[in-house]
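Notes follow the structure.
The values are calculated or read from the model by the stated rules, or taken from the named source; none is laboratory data. What you see is a predicted model, and the numbers here were worked out from it, not measured in a lab. So basically every Cβ, Gly included, is an ideal-geometry build from the backbone, and we count neighbours across all protein chains shown.
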Amino acid sequence: MASSSKPFPVANSITPFWRTEPDTLDSYRSTATLPPTTDIVVIGAGYAGASTTYHLLDQAEPFSRPSIVILEARQVCSGATGRNGGHLKPDVYNFVGTVAETHGVEAAAELAAFETAHIPAIEAVVAKEKIACDLVVAQAHDVQLDEAHTEKLRKAYDTLLASGSEATKTAAFTTDMEAEMVSGVKGAKSCFSYKAGRLWPYKFIVGLLKKCIAKGANLQTNTPVVEVSKSENGWTVKTERGSIQAKQVVFASNAYTSGIAPEYANKIVPVRGICSRVVVPNPPHPLSPTLDSSYTVRIKEGIYEYLVPRPDGSIIIGGARSVYVQDLKNWYNVTDDSRLIEPARHHFEGYMQKYFHGWEDTGAYMDRVWTGIMGYTTDSLPHVGRVPGKEGQFVVAGFNGHGMPQIFLSAKGVAQMILKGTEFEETGVPAIFKTTKERLDSTQNTILSASHLKETETEAKGPVVDAK
Ligand SMILES: Cc1cc2nc3c(=O)[nH]c(=O)nc-3n(C[C@H](O)[C@H](O)[C@H](O)COP(=O)(O)OP(=O)(O)OC[C@H]3O[C@@H](n4cnc5c(N)ncnc54)[C@H](O)[C@@H]3O)c2cc1C
């Protein structure tokens, strides 16, 4: 791996549950050496890189498909996508409520609709390409255990409903006893229930990449890009295995983007998160929830866990911020996913028994825990589109802890921009995602300003965007 103070993926990352069945594509190289020239280089073989390549090849006419080289520093889908919760959950009232305050209700409604559109879009591509990735679309419950947080969210929800946000109308809101009964969570003060998806992210990405390779994409794993510089006809992409001349370059490099695109330094910040798999030996009490739904359990604002049930009866649980967020060195500007966040190592043990009615005797235990590096942005919004001042460079990165319902259609928009020269505003990607000079010049940092740092453990508040 490249050695530098700039962010790059590290070697020997912890194996997450999703990567315990590596595909033959895992360390694939389409050709033994790098092609010297190509139309497009896509940097990163995670969700953003695979989706952008998929859309580029899907939108182009078969006789005029661009040549594309995908350069991946490690194995395919070894970044955040291969380490996440697998939760494809559109936000229709939570961060969207914050956006209504900062950017107006129209921008908020646009974001909620865009995220909601990801569920049918992913269903369609999974069906069309016959990708076996355990996709389930079912109910999600977001449970609040705190009165003050309930009131804040209820206000945002009401504002969005009053503004006519169609996506927000899909969420039902319950309180007190009803919320506890709907969710099965002990002490629930309120609950939002709506539709969400969940899937095996690694299998989804590998499925997309196979389609890309079948249409001519050249995939090169274990090939870190160390520099992108201007050349006569476009860009020189320098890797540890030689250089490629490309007309266009796509940074789908998420948390590590500023390592090779310096304008994103202090704009996309590597943030480490932790996730686990919990196995359930005995069934819960027959009257308790069977966990057909996925969950976010919010203890207080910014302190939450997300739970995603698997078809095999196990549960993916992530979060644990309450035990590590006070000490920045655990998570802020951290690229090391070869180690756990030590204070959170045992956090998910006994979680189900503690929070769910009727789960006390299930013997549920944690069988695996891992970390992953997210690309948090200093205004909590992704960077999508043309890199300002760098013609032929595109970015689709910085999806915080919430890329699953944002990336696929953002990548579709970027593919249109590259292939057809479409303006960002015509792509259907939310206006607030556009990467602009103004955003890059801003000194705002919502990651740190929304945090907690002087508060006690249980009072800690987190960044605006839930990781789930
Ligand atoms: C623990 C955890 C739980 C999460 N849970 C959820 C969830 O349930 N739902 C949700 O919506 N979101 C969740 N997220 C966030 C979500 O995973 C991300 O937003 C999303 O996966 C980002 O996809 P990506 O393709 O942009 O990034 P990545 O998957 O990180 O892909 C970027 C790729 O670029 C490669 N790369 C970077 N730099 C270089 C370079 N210089 N040269 C070559 N290759 C390079 C990396 O190796 C990596 O493979 C979670 C994240 C974590 C870490």
Strands (runs of 3 or more DSSP E) wholly in region 365-417 with at least 3 residues that are under 12 Å from the mean Cα position of the chain (by Cα) - which ones? 365-377
Would you be able to say whether some residue in region 424-431 is assigned to a helix (DSSP H, G or I) and either out of contact with any Lys or Arg (no Cβ under 9 Å at 6 or more places or on another chain) or within 14 Å of the ligand (Cβ to nearest atom) (or both)? yes
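Each row is one residue, and each column tells you yes or no for (1) within 15 Å of T296 (Cα to Cα); (2) touching a helix residue (DSSP H, G or I) at 6+ places or on another chain (Cβ under 6 Å); (3) part of a helix (DSSP H, G or I); (4) touching a residue at least 24 places away in the same chain (Cβ under 8 Å).
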{"residue": "D91", "(1), (2), (3), (4)": "yes, yes, no, yes"}
{"residue": "A100", "(1), (2), (3), (4)": "no, yes, yes, yes"}
{"residue": "A108", "(1), (2), (3), (4)": "no, yes, yes, yes"}
{"residue": "L111", "(1), (2), (3), (4)": "no, yes, yes, yes"}
{"residue": "E123", "(1), (2), (3), (4)": "no, no, yes, yes"}
{"residue": "A127", "(1), (2), (3), (4)": "no, no, yes, no"}
{"residue": "E151", "(1), (2), (3), (4)": "no, no, yes, no"}
Taking strands (runs of 3 or more DSSP E) that fall entirely within region 157-274, which contain at least 3 residues that are within 15 Å of the ligand (Cβ to nearest atom)? 190-198, 218-220, 225-231, 234-239, 242-251
Quick check, is L57 in contact with a strand residue (DSSP E or B) (Cβ under 9 Å, 6 or more places away or on another chain), farther than 21 Å from T170 by Cβ and not assigned by TED's automatic domain parsing to the domain that holds S338? yes
Taking the condition of being farther than 18 Å from F17 by Cα, assigned to a loop (DSSP other than H, G, I, E, B) and out of contact with any helix residue (DSSP H, G or I) (no Cβ under 7 Å at 6 or more places or on another chain), how many residues in region 308-334 meet it? 5
